[in-house]
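Data first, discussion second: the structure below is written as structure tokens.
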Amino acid sequence: MPDIKRYIPDAITTMNLMSGCVAIFMAFNLRQVFGPLDGASWCMIAIAAAAVFDFFDGAMARLLHAYSDLGKDLDSLSDMVSFGVAPAMLMLNTMADAGSPLWACFFTLIIPVCGAIRLAKFNNDTEQATVFRGLPIPANAIFWIGAYGWIDTYYYPGWPVITLLIIAVSLAMTARFKMFSLKFKNFDFAENFCRYIIIVAAIVFVAMYGLAGLMWTILLYLLLSLLRRNRM
């Protein structure tokens, strides 16, 4: 009999991948209603579910000591779909729905391209085991969920603004500046001070702005990392 436990993390990773595929489908049906929610809502829920699976596959691998090169590559491929392609399709269809020129909508494809570069760098950079270089691709996805929330709740700022945001956030994924990890190794307040700030800020921002608060949370994460880059 095979050792079943070594397949558990990979099984969770495939749930990440399937969630990303669902998100992509829903991104092309933003206004269509599926049960109690429209496609846009299901798209964001699916991306959020992918993030949960992405967290638990790593946690389960550490718990079961079930590490493998296959699992590492599968995780990156799944992240590429769920946090690179899915948010790009969400924004592509959002821009198209708002009447943006088709050629401008295709700027969203920069997101998965830079996401793929970021993941390839991560897989081949031993330094990033403790400190990230550039914006992590899950944080990129969270930013775009927040951006969609801002557009849907407040206003569409126009395709030039969205295009500049796409370029800036995408380049942040491929940049070499240091960013602290959001994963807790313990609950020591001094050691995790910035992590606690991000959690409190996320609660405050979401309470104030709804889903759009996630965008401001990621911007704060970027700012704090830049301010602390010489201490990491």
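Things to note:
- Computed E for LYS121/HIS65 - FRET, C-beta separation, R0 22 angstrom, nearest 0.05: 0.25
- Summed residue charge, Cβ within 10 Å of ARG31's Cβ, Lys/Arg positive, Asp/Glu negative: -2
- Rounded if a/c under 1.5, otherwise prolate or oblate - the stretch 41-200, Cα gyration tensor axes: prolate
- Taking every C-alpha pair closer than 8 Å and separated by at least 6 residues, the mean separation divided by the residue count of the chain gives a relative contact order of 19 percent.
- With every protein chain in place, the stretch 4-109: carbon and sulfur % of accessible area (1.4 Å): 73 percent
- Solvent-accessible heavy-atom area per residue, rounded to whole Å², over the stretch 112-200 at 1.4 Å: 49 Å²
- Point-to-point label distance, LEU182-LEU109, nm (Cα→Cβ direction, 7 Å offset): 2.9 nm
- Partner aspartates and glutamates for LYS178 [C-alpha distance under 14 Å; skip if fewer than 8 residues away on the same chain]: ASP125, GLU127
- Remark: the LEU220-CYS21 segment gains 68.7 nm on full extension, using 0.36 nm per residue and subtracting the alpha carbon distance.
- Mean-position separation - Cα centroids, the stretch 1-57 and the stretch 161-214, in angstrom: 22 Å
The values are calculated or read from the model by the stated rules, or taken from the named source; none is laboratory data. It should be emphasised that the depicted structure is a prediction, and the values quoted were computed from it without experimental measurement. Using ideal geometry, Cβ is built from the backbone for each residue, glycine included, and neighbour counts are taken over all protein chains shown. All accessible areas refer to the heavy atoms of the entire protein, side chains included, with ligands and DNA or RNA removed. Shrake-Rupley method; radii C 1.70, N 1.55, O 1.52, S 1.80 Å.
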